[in-house]
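J.: Before anything else, here's the structure in question.
The values are calculated or read from the model by the stated rules, or taken from the named source; none is laboratory data. None of these values were measured; they are calculated from a predicted model. Ideal geometry is used to build each Cβ from the backbone, glycine not excepted, and the neighbour counts take in all protein chains shown.
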């Protein structure tokens, strides 16, 4: 049998808050021992791949920055493909601003081509008001991902999708979400890893982003119950994962 490739979500799958999911380190070690191609695919746009790799290593997960692909990177690639060397007003942290700068964009609030929304720990009224006014005047509205919440050690926290809904309500203009479940994110990840969907497994903790993206991309899917989606939620959806496990500790490559 051909060896499977693996694409895994990060938050709720490998880590939860400031700790690793029990057994995630052993799962990564098994992938390395099998020499399987592996990519961490995250809707988290807060940090650069290097930052995330450092953070994961401090928690006990040795994952190279080169195999971490974020919604910020996918968003920047999309912007470059649409309007090279453009301008954007960005609400987000270093992961997003770095990705946008690296594709040659200028970050500005002076008639930008795009308003780009990502996660941030410092949402404020002035930024949101400016974004609303720029979008109302014609700037195109892009958001890194539609996640309305994410798991932390203390419970769920609001995500990019929640703030996007506020801006959409004020402007009556819907954003284009680049991250999961947009198949664009998955195609970008598959191309980055250099693999095909039919021989690749998507591992995630969310039915509404991870699993639907894998299903729509023709991938085998595994839902882990260590994050957002609970077992009783699965039947609410018109699609199913190929497998359901408690955590990545139960996955044998």
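J.: Test residue 21 against the stated conditions and say whether it is assigned by TED's automatic domain parsing to the domain that holds residue 197 and either free of Cβ contacts under 8 Å to residues at least 12 places away in the same chain or under 15 Å from the mean Cα position of the chain (by Cα) (or both).
T.: no
J.: Residues of region 61-102 being surrounded by fewer than 18 Cβ atoms within 10 Å (Cβ to Cβ) and in a loop (DSSP other than H, G, I, E, B), which ones?
T.: 62, 64, 83, 84, 85, 86, listed by residue number.
J.: Answer with yes or no whether residue 64 is under 18 Å from the mean Cα position of the chain (by Cα) and closer than 20 Å to residue 117 by Cα.
T.: no
J.: Any residue in region 2-11 that is under 19 Å from residue 253 (Cβ atoms) and in a helix (DSSP H, G or I)?
T.: no
J.: Right, here's the next one. Show me the strands (runs of 3 or more DSSP E) found entirely inside region 149-227 where at least 3 residues are at pLDDT 95 or above.
T.: Strands (runs of 3 or more DSSP E) meeting the threshold: 200-204, 220-224.
J.: Out of curiosity, is residue 202 over 20 Å from residue 23 (Cα atoms), outside the structural domain of residue 148 (by TED's automatic domain parsing) and either touching a residue at least 60 places away in the same chain (Cβ under 8 Å) or touching a strand residue (DSSP E or B) at 6+ places or on another chain (Cβ under 8 Å) (or both)?
T.: no
J.: Among the candidates 167, 222, which residue alone is closer than 21 Å to residue 44 by Cβ, surrounded by 15 or more Cβ atoms within 10 Å (Cβ to Cβ) and assigned by TED's automatic domain parsing to the domain that holds residue 129?
T.: Unique residue meeting the criteria: 167.
J.: So, residue 51, is that one outside any loop (DSSP other than H, G, I, E, B), in contact (Cβ under 8 Å) with a residue 40 or more places away in the chain and within 26 Å of residue 98 (Cα to Cα) or not?
T.: So residue 51 passes the test.
J.: Residue by residue through region 29-48, note down the ones that are in contact (Cβ under 8 Å) with a residue 60 or more places away in the chain and assigned to a helix (DSSP H, G or I).
T.: Once the filter is applied, which keeps residues that are in contact (Cβ under 8 Å) with a residue 60 or more places away in the chain and assigned to a helix (DSSP H, G or I), region 29-48 yields 30, 31, 34.
J.: Being touching a residue at least 60 places away in the same chain (Cβ under 8 Å) and touching a strand residue (DSSP E or B) at 6+ places or on another chain (Cβ under 9 Å) is the filter here; which residues of region 75-90 pass it?
T.: 75, 78, 79, listed by residue number.
J.: For region 103-124, what are the residues that are part of a loop (DSSP other than H, G, I, E, B), modelled with pLDDT of 95 or more and farther than 19 Å from residue 148 by Cβ?
T.: Of everything in region 103-124, those that are part of a loop (DSSP other than H, G, I, E, B), modelled with pLDDT of 95 or more and farther than 19 Å from residue 148 by Cβ turn out to be 103, 104, 105, 108, 109, 110, 111, 112, 113.
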